[in-house]
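Input: a single structure, listed below in structure tokens.
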Amino acid sequence: MSSESEPKKLAGSQVLSNATVYLTSAVAAASAQAQEIGANSAPPEQVTVTARRVAIPKLPDTIMNTPQSVSVVPREVIDQQGLSSLQDALRNVPGITLNAGEGGTHGDQINLRGFAASDDFFLDGLRDTGFYTRDPFDYETIEIYKGPASTLFGRGSTGGVINQVTKSPQLSPLSQVTLTLGSNAEARSTADVNYMLDDTSALRIGLMGQKSRVAGRDYVTNRRWGAAPSLAFGLGTDTELTLKYLHQQEDNTPDYGIPFLFGTPAPVPRNFYYGLPADDRSKTDVDVATGNVQHRLSDALSVSETARYGYYWFDSRQTAPTYGSGNGTNPFNPPFPVLGTPLTSILVERDRPSVEGVITTAMNDLNGTAKFATGWLTHTLVAGIEADEESAKLKRFTNQNTVILPTPLLAPDPNEAFPGPQTAVRQRPATKTDTLSFYAVDTIAIGEQWDLTAALRYDNFAARFDEPITAAHFRHTDDVWSPRVALVYKPQASASFYVSYGTSFDPSAENLSLAASNAGLEPEKDRTYEAGAKTSWLNGMLSATFAAFNTEMTNARIADPANPSLQTLAGTEKVNGIELGLQGRLTENWELMAGYTYLDASAVGLIATGVKGPIPNTAHHQANLWTSYRLGAGWEIGTGLTYVGKRQAGVDTATIPGANLIATVPSSLIWDGMVSYRINPTFKLQLNGLNLTDEYYYANSYFTRPGENHAIPGPGRTILLTLTADL
């Protein structure tokens, strides 16, 4: 595949060599400011999740007093679990399920509280658009804000948003390097180096390089490297300036998994691979530059401005298993396997979507925070302006499913000959969106025990779509007001209770695409009612949270019964749920992170007009547990369980002619473990065991119609050994 103006690409063979050079240079530069860490140093000062302040300035209070569900995955848990992707880290948060890609797209795709959230990733408070596998090497924490939040974040956020909080320069020396080797042929190295320039300035750089396979999936390979330098001036003064840059490249052999059959993933071994690895690939090249300045005019007044430019290039082509719809006369289009078809006679088509493109973003958020009193009321008012310009220019290539012979379900051939890469371009869609937003969030203290939050946001969202090959041109503008109101009761410092109401909106061009079927539609809108409680125990060492919520979208986009080529806002999606969380320490040495979510999700109109059915890929029950214990003498152990209940993937109308078959993904229970030993003040060894029972489960799924669907197996048993050096 080629491009007339193709940006720089990653040479797969250079991934680890480039990263090694960066790591070695960074460590050498920082060695003069190295800081020793005691072998038996005391545990860090305990800060419970509810006592933290979130990284979003629009929420100025602690999590304890924030009237919505906020989950936090701290850096310590990321390190203890040996995590190397954002999606793996999100396994610690019940209510999140993973989606598989479609149409050639890859990267992080999730459901949050039953609603798609693939466009709801944020990086330090600003939208992180783009298709790539987010690596946590530069994370300080991960914040998950649950429930509609268009008042805070603009479009999307029906189920919530994911905010990646990155590391920042600090006024203390730091030099840490890790090396991980794994039974999945993994070789991964990271570095985190902080260098003080003077009393108020510092430079920090994070580096990462990785090459790995996936246990049980013989042909899948992940290769990536990244660098995240940051520079800060004025630390600890009234004016702070921080500049951050993220560069990450990938060159992966992707996985499109196993096809569904008769309502469940096909009963084939985990290592069966239906792709063509000689040509399948998923490449990305991501550059994100962010600048932030904060100025404190007084104790009661401050301003902050954040600006960002993002560039996300991707090139994705892969082979996905699908089924034909023929009558047996066309060798490239085999018959669809209806219920009762012998497994030995089923043929799987080689669907080969391919897309290459660039997404660019330019955004700015200017806000001010003022604290003042009106009579006996105390206000914390955050108001601001956001401007956001995003564009996506793609090339979609002609699918090769009509020129590649199908492969047997029970004997897939990954080395099957094929006619080379796609070269014929069938579409060149270009989408551009411009957003201008104004918002105000006022948190009003009514005495010492009551807080009232009132918020309002206005978004002007304009989209333009052009496709020269098909001569399709669309324009659409939405003007949307998003209100929010919440009440918090704080009977004591260690407890709070809240009720809240919030809304969100999803315009047709939310994911940077428009079509004739939806260009004239107003945004989907929803609202959520939530009630919850947050408490801390054991002198603040342990926090507990509870929330019950109802989210309903009454104008979901569905096929127009009068004209199936168009969509109409006549569907309904509803999710009722409860969440429980427990996080912190039971003792100074015993740490715990646990959660449970129950979701009752249903939709009307997604299957057919007026017909009730499931919301795809939403599990009724999810639970997680991670606990670690410091044994003393440098030893630490940890273990965890992740449970995801059975979830409905979609509706199959062809397997049983004349009937609707609900396709499902089976439940799974994954057990992980960890043991680490601090050898001396410099070196620590850590052994991680992932999926210790080697359970055959499915990490994510995609289901769009009876003949186009797949489920991707999760990794088998994996052992990782990590050496950490604090220099």
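Residues of segment 237-263 that are touching a residue at least 40 places away in the same chain (Cβ under 8 Å), surrounded by fewer than 22 Cβ atoms within 10 Å (Cβ to Cβ) and assigned to a loop (DSSP other than H, G, I, E, B): D238, F262, G263.
Could you check segment 54-97 and list, in sequence order, the residues that are within 30 Å of A370 (Cβ to Cβ) and not β-branched (V, I, T)? Of everything in segment 54-97, those that are within 30 Å of A370 (Cβ to Cβ) and not β-branched (V, I, T) turn out to be A55, P57, K58, L59, P60, D61, M64, N65, P67, Q68, S69, S71.
So in segment 556-592, with the set limited to residues that are assigned to a strand (DSSP E or B) and charged (D, E, K, R), which one is modelled with the lowest pLDDT?
My answer is D560.
Enumerate the pairs (first residue in segment 264-292 and closer than 30 Å to V165 by Cβ; second residue anywhere and of a type in the set (F, W, Y) and part of a loop (DSSP other than H, G, I, E, B)) with beta-carbon separation below 6 Å, excluding pairs fewer than 6 apart on the same chain, so at least 6 apart or on different chains. Note: pairs meeting the criteria are T284/Y132; V286/Y132. Are any of the residues in segment 126-141 touching a strand residue (DSSP E or B) at 6+ places or on another chain (Cβ under 8 Å), at pLDDT 90 or above, of a type in the set (A, V, I, L, M) and surrounded by 23 or more Cβ atoms within 10 Å (Cβ to Cβ)? Looking through segment 126-141, none of the residues is touching a strand residue (DSSP E or B) at 6+ places or on another chain (Cβ under 8 Å), at pLDDT 90 or above, of a type in the set (A, V, I, L, M) and surrounded by 23 or more Cβ atoms within 10 Å (Cβ to Cβ).
Within segment 73-92, the set of residues being crowded, with 24+ Cβ neighbours inside 10 Å and among the β-branched types (V, I, T) comprises just one member, V73.
Can you find a residue that is under 18 Å from G114 (Cβ atoms) and in contact (Cβ under 8 Å) with a residue 40 or more places away in the chain anywhere in segment 533-544? No, every residue in segment 533-544 fails to be under 18 Å from G114 (Cβ atoms) and in contact (Cβ under 8 Å) with a residue 40 or more places away in the chain. On inspection, T653 fails the criterion of being crowded, with 20+ Cβ neighbours inside 10 Å and of a type in the set (S, T, N, Q). Within segment 534-555, one or more residues are exposed (fewer than 15 other Cβ atoms within 10 Å of the Cβ), in contact with a Gly (Cβ under 8 Å, 6 or more places away or on another chain) and not in a strand (DSSP E or B). On the given criteria, is F397 among the aromatic types (F, W, Y) and out of contact with any Phe, Trp or Tyr (no Cβ under 9 Å at 6 or more places or on another chain)? When the stated conditions are applied, F397 passes them. Does segment 348-391 hold any residues that are under 30 Å from Y273 (Cβ atoms) and assigned to a strand (DSSP E or B), and which are they? Result: V348, E349, R350, D351, S354, V355, E356, G357, V358, I359. Consider F314 carefully, then state whether it is of a type in the set (F, W, Y) and closer than 30 Å to E250 by Cα. Yes, satisfied. When N333, N292, N271 are checked against the criterion of being part of a strand (DSSP E or B) and in contact with an Asp or Glu (Cβ under 8 Å, 6 or more places away or on another chain), a single residue qualifies: N292.
When the test is whether a residue is surrounded by 18 or more Cβ atoms within 10 Å (Cβ to Cβ) and in contact (Cβ under 8 Å) with a residue 60 or more places away in the chain, R223 passes it. Between R464, R475, R457, the distinction of being under 30 Å from the mean Cα position of the chain (by Cα) and loosely packed, with under 13 Cβ neighbours inside 10 Å belongs to R475 only. Taking the conditions exactly as written (outside any strand (DSSP E or B), closer than 30 Å to T66 by Cβ and in contact (Cβ under 8 Å) with a residue 12 or more places away in the chain), does E416 satisfy them or not? No, not satisfied. Looking only at residues in segment 710-724 that are closer than 30 Å to V348 by Cα and of a type outside the set (A, V, I, L, M, F, W, C), the one that is surrounded by the fewest Cβ atoms within 10 Å (Cβ to Cβ) is R717.
Between S304, S345, S354, the distinction of being surrounded by fewer than 16 Cβ atoms within 10 Å (Cβ to Cβ) and either under 30 Å from P429 (Cα atoms) or hydroxyl-bearing (S, T, Y) (or both) belongs to S345 only. Restricting segment 62-121 to residues that are of a type in the set (S, T, Y) and not in a strand (DSSP E or B) leaves a set whose member that is farthest from K283 (Cα to Cα) is T66. Condition check for G104 on (1) at pLDDT 55 or above; (2) under 26 Å from S513 (Cβ atoms): one failure, at (1).
Could you grab me the full set of residues in segment 156-182 that are touching a helix residue (DSSP H, G or I) at 6+ places or on another chain (Cβ under 6 Å) and either part of a strand (DSSP E or B) or hydrophobic (A, V, I, L, M, F, W, C) (or both)? Working first, answer last.
Residues of segment 156-182 touching a helix residue (DSSP H, G or I) at 6+ places or on another chain (Cβ under 6 Å): 157, 161, 166-167, 173, 175, 177.
Hits for segment 156-182 are V161, T166, S175, V177.
Can you name the residue in segment 593-623 that is outside any loop (DSSP other than H, G, I, E, B), surrounded by 15 or more Cβ atoms within 10 Å (Cβ to Cβ) and modelled with pLDDT under 95 and is also nearest to the chain's Cα centre (by Cα) among such residues? In this case the residue turns out to be T618.
Of the residues that make up segment 578-586, is at least one farther than 16 Å from N92 by Cα, in contact (Cβ under 8 Å) with a residue 12 or more places away in the chain and within 21 Å of the chain's Cα centre (by Cα)? Checked against the condition, which is being farther than 16 Å from N92 by Cα, in contact (Cβ under 8 Å) with a residue 12 or more places away in the chain and within 21 Å of the chain's Cα centre (by Cα), segment 578-586 yields no hits at all.
Of the residues S304, S316, the single one that is modelled with pLDDT under 95 and within 30 Å of the chain's Cα centre (by Cα) is S316. Among the candidates A42, A55, the residue that is part of a loop (DSSP other than H, G, I, E, B), over 25 Å from R457 (Cβ atoms) and at pLDDT below 95 is uniquely A42.
For beta carbons closer than 7 Å, sequence separation of 6+ or different chains, a first residue in segment 650-663 that is free of Cβ contacts under 8 Å to residues at least 60 places away in the same chain and within 14 Å of F336 (Cβ to Cβ) and a second that is surrounded by fewer than 18 Cβ atoms within 10 Å (Cβ to Cβ) and not small (G, A, S), the qualifying pairs are T653/N660.
The values are calculated or read from the model by the stated rules, or taken from the named source; none is laboratory data. Computed from a prediction, not measured in an experiment: that's the story for all the values here. Glycine gets a Cβ as well: all are built from the backbone with ideal geometry, and neighbour counts include every protein chain shown.
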